[in-house]
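Asker: One structure, pasted below without further comment.
Any read-out appearing in this document is the output of simple, stated calculations on the displayed coordinates, not a laboratory observation. Since this is a predicted model, take the numbers as computed values, not measurements. We place every Cβ from the backbone using ideal geometry, glycine too, and count neighbours over all the protein chains shown.
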Amino acid sequence: MPTEKHHRVLICGATGYVGGRLVPELLNAGYSVRCLVRSPEKLRRFSWSKHERLEVIHGDLEEIETVRRAADQTDAAYYLVHSMISAGNEYAERDRELATQFTQGIQGSGCQRIIYLGGLGEMGADLSKHLHSRREVAEILQKCEVPATVFRAAMIIGSGSASFEILRYLVERLPIMITPKWVKMETQPIAIRDVLRYLVQCLEVPETAGRVIDIGGQDVYSYQQLMQIMAESLGLPRRVILPVPVLTPRLSSAWISLVTPVNARIARPLAEGLRNRTVCRDDDAQALMPGPLFGVREAIDAAVGKLRSGEIETWWSAAGEMPGDPEWSGGTVFEDQRTTTVSASAGATFASLSRIGGQCGYSGADWLWWLRGLMDKAIGGPGLRRGRRHPDQLNYGEAVDFWRVNGYEQPTWLRLRAEMKLPGEAELEFRVEPIDDNTSNLIQTARFRPRGLLGLAYWYAVLPLHAFVFPRMLRGIRRDAESDRQTADASAEV
């Protein structure tokens with residue numbers, strides 16, 4: 001249990017990959033947790049979202065008074081915010097702005113310390129833009145009058161992290177790889193479980209305040225060696241890896257974008273970071289906060305096991321800001337609505353609907369969806385490569401291929417906002433209306449607000465495809481729901 005001094009903490013970035021896993025660790029350790037979030041709905045996907053010691057404040061880091069209010073009567077504030085996913089190429093500037101506003105809000109709030117998770121890598125002309133940005137944020141936080149603990153980590157090994165997913169997909173899909181020469185660069189990965197242990201344990205170690213602490217796992221390997229370890233964990237033969245000196249970060253990121261779920265905009269800064277040696281400078285972390293550390297093989301095996309069992313707490317693509325709902329009133333909005341009656345309960349119908357996308361596909365004309373995803377990926381969109389976190393569970397804010405869940409009420413309502421490259425704004429909405437215990441209506445509505453003449457041309461060009469794709473999607477969802485009901489009835493009779 002925590003001491004009286006550290007009884008309440010603030011987390012900025014609770015909906016992100018690390019933050020979403022840190023909150024339950026803190027709650028389990030006995031802390032009261034306050035989360036400052038832009039989209040509170042994104043927290044509903046977590047089992048801990050209704051914990052009695054959890055407080056949620058709806059607000060933005062840009063609002064200094066909101067930050068000050070959120071930090072009031074807290075003993076520590078975790079800053080786990082990174083704009084690489086949401087801000088595109090301007091992420092470094094965006095990160096500087098948010099960190100500055102955060103420190104202005106923290107000062108005078110009574111908060112006793114700041115805790116930040118940054119990246120390993122030594123300053124110099126060759127430091128990648130991504131790692132340089134993380135270092136800039138750390139320096140801004142360290143200038144605050146509130147003492148900051150800055151943790152620096154290399155690759156975080158955990159199911160659903162962006163770096164881990166890049167490594168996994170490359171190894172799974174490419175038995176032969178032509179890689180940049182810096183694939184031989186050394187790095188010291190750390191398991192997500194060890195990251196969380198350090199983040200929690202530092203609260204009870206006063207000596208960590210005001211320090212920069214490098215954290216890493218037991219092992220130091222090259223990225224080339226990590227790929228072979230990943231292959232072993234996945235049960236695959238050794239990969240043939242051919243380092244060459246001609247692959248630029250732009251080409252490397254384009255290749256990563258083609259093969260993995262991570263698009264080029266995110267892949268490029270991660271690829272650039274490969275050229276930097278990311279190894280701990282000392283063992284201060286273990287000296288201050290002793291405890292067992294995962295080895296690389298053990299960490300990869302644990303992450304792969306989580307993926308295979310579907311027990312993934314957080315996923316990289318769910319991080320980032322949620323855009324506001326489209327203002328469908330005003331301007332030209334095209335709508336395509338279709339309805340079918342399903343001989344199954346609303347719950348069974350919604351369960352079938354919730355399996356949309358990912359490996360399950362779109363219940364008909366999947367080759368057209370595949371082609372649309374390929375076209376989207378070719379022009380820099382996410383395509384279908386992101387898949388989904390879980391095969392039959394959805395939550396607000398999660399990515400589903402080139403969609404994002406921005407409306408979810410089980411068992412009646414699902415809304416998907418398109419993140420594919422489009423000359424306008426699009427969404428696909430489903431509503432389930434119960435008729436009786438064994439019958440329901442499924443209503444599907446596609447909306448599109450065009451942007452300029454190109455948007456108008458796009459709508460009319462795809463309209464014939466809607467007449468082919470959408471009825472098949474509805475029939476597929478209906479078929480699966482009715483099949484599930486028949487299976488359940490047969491089991492009940494037995």
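Asker: Sort MET289, MET155 so the one with the fewest other Cβ atoms within 10 Å of its own Cβ comes first.
Answerer: The order, fewest Cβ neighbours first, is MET289, MET155.
Asker: Related question: Let me have the 222 nm mean residue ellipticity of the chain computed from DSSP H runs of 4+ only, each contributing -39500 (n - 2.57), with the sum over all residues rounded to the nearest 500.
Answerer: -12000 deg cm²/dmol
Asker: Let me ask something else about it. Toward the positive end of the charge dipole of segment 4-318, about the Cα centre and with charges on Cβ (Lys, Arg +1; Asp, Glu -1), which of PHE164, PHE294, SER39 goes farthest?
Answerer: PHE164
Asker: So how do ASP436, ASP480, ASP301 line up by other beta-carbon neighbours within 10 Å, fewest first?
Answerer: Ranking ASP436, ASP480, ASP301 by Cβ neighbours within 10 Å, fewest first, gives ASP436, ASP301, ASP480.
Asker: Taking 0.36 nm per residue of separation and subtracting the Cα-Cα distance, what length does fully extending GLU335 through GLN112 add?
Answerer: That pair, GLU335 and GLN112, stretches by 75.0 nm at full extension.
Asker: Mind ranking 366-376, 419-429 by how tightly packed they are, going by the mean number of other C-beta atoms within 10 angstrom, highest first?
Answerer: For the peptides 366-376, 419-429, the packing ranking is 419-429, 366-376.
Asker: Return the distance in nm (one decimal) between the two label points of a simple spin-label model at ILE312 and GLU409, each offset 7 Å from Cα along Cα→Cβ.
Answerer: 2.9 nm
Asker: For a quick check: sort VAL67, VAL462 by the number of other beta carbons within 10 angstrom, fewest at the front.
Answerer: Final ranking by Cβ density, sparse to dense: VAL462, VAL67.
Asker: Okay, next question. Could you check what % of the DSSP bridge pairs in the chain are antiparallel, to the nearest 5?
Answerer: 50 percent
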